[in-house]
Amino acid sequence: MRLFLGIDIPVEIKTEIDHFLRPLQKSQKGWENPHDYHQTLLFIGETSETVLEQIKLRLKQFSFAPFLLTLDKFYFFNRRIMYLGIRPSAELLKLKNLIDESFSEWVRPESKPFIPHITVKRWQRYEYDDLALGLSTRELPHRDFIVSSIVLFKSEKDQEDKKYHALYRKNF
C-alpha cells in the first residue's frame, strides 16, 4: 500500500474551498476531490502490512503541541498545478523537521524547498490563463485552523473518486 504522513484539513474548510472554486471549474478534469485536501509532511511510498504496523507504533510515541495554521491564497506550480498556500509557520516547520527525524528512512534528498500547500487542481497548461484571471477577481477569505493531529494516509482511489484515506490519526 502507498502511504504518506500529513495534516488533514477540517471538513468545513474543505467545503468552503470547494464552494469558492466551483465557479472556476469549466470541466471536472484535474480537480482534486475536496475530501482529499491535505498538507503532505512525508511521503513514505509502497509498504507492507508489517511496516504499516511499525509506523503506527512509532506514531503512538510521537509528541507535539497543537498549533494554528492560516490559509493564504491560490498559487501555481509551473502553470500546471494550482494550490492553496499556507502562510509561513514556525510550528509547521518544526513539525516537518521532527517527522523527518523520526521517520528518517523515508526522507529523500529534496532539491525543492518545503512549500506548505494544498493541491486543488492538476491540469494542462492551456487552462492557466482562465484560472489566473478567475482568481484575480475573487479572493478566498483567510482561514485559521488548529492542527492537533498528524494522519497516516493511504493513497488508493475508491468508488467515490476519493484518493486519500486516513488509516491512523495521532492526536497531540
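Of all residues in the range 142-172, those satisfying the criterion of being surrounded by fewer than 13 Cβ atoms within 10 Å (Cβ to Cβ) and closer than 15 Å to Trp31 by Cβ are Lys157, Glu160, Asp161. Against the numbered list (1) in contact with a Leu (Cβ under 8 Å, 6 or more places away or on another chain); (2) of a type outside the set (Lys, Arg); (3) under 26 Å from Asp130 (Cβ atoms); (4) surrounded by fewer than 17 Cβ atoms within 10 Å (Cβ to Cβ), Val107 comes up short only at (3).
One residue stands out among those in the range 77-96 that are at pLDDT 95 or above and hydrophobic (A, V, I, L, M, F, W, C): the one that is surrounded by the fewest Cβ atoms within 10 Å (Cβ to Cβ), which is Ala90. Screening Ile17 on (1) out of contact with any Lys or Arg (no Cβ under 6 Å at 6 or more places or on another chain); (2) assigned to a strand (DSSP E or B) shows it passes everything except condition (2). Residues that are closer than 17 Å to Phe172 by Cα and of a type in the set (A, V, I, L, M, F, W, C): does the range 99-106 have at least one? Taking every residue of the range 99-106 in turn, at least one turns out to be closer than 17 Å to Phe172 by Cα and of a type in the set (A, V, I, L, M, F, W, C). For the range 23-76, the candidate set comprises residues that are hydrophobic (A, V, I, L, M, F, W, C) and without any contact (Cβ under 8 Å) to a residue 24 or more places away in the chain; within that set, the residue that is surrounded by the fewest Cβ atoms within 10 Å (Cβ to Cβ) is Leu57.
This table checks each residue for (1) among the hydrophobic types (A, V, I, L, M, F, W, C); (2) under 23 Å from Arg79 (Cα atoms); (3) touching a residue at least 12 places away in the same chain (Cβ under 8 Å).
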| position | (1), (2), (3) |
| --- | --- |
| Val120 | yes, yes, yes |
| Asp129 | no, yes, no |
| Ala132 | yes, yes, yes |
| Leu140 | yes, yes, yes |
| Ser149 | no, no, yes |
| Lys154 | no, no, yes |
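Considering only the range 34-61, state which residues are in a helix (DSSP H, G or I) and among the β-branched types (Val, Ile, Thr). Result: Thr50, Val51, Ile55. Picking from residues in the range 20-33 that are under 18 Å from Arg79 (Cβ atoms) and outside any loop (DSSP other than H, G, I, E, B), the one that is farthest from the chain's Cα centre (by Cα) is Leu24.
Scanning the range 110-141 for residues that are among the polar types (S, T, N, Q) and surrounded by 15 or more Cβ atoms within 10 Å (Cβ to Cβ) turns up just one, Thr119.
The values are calculated or read from the model by the stated rules, or taken from the named source; none is laboratory data. The structure displayed is predicted, hence computed values, not measured ones. Backbone-built Cβ (ideal geometry, glycine too); neighbour counts: all protein chains shown.
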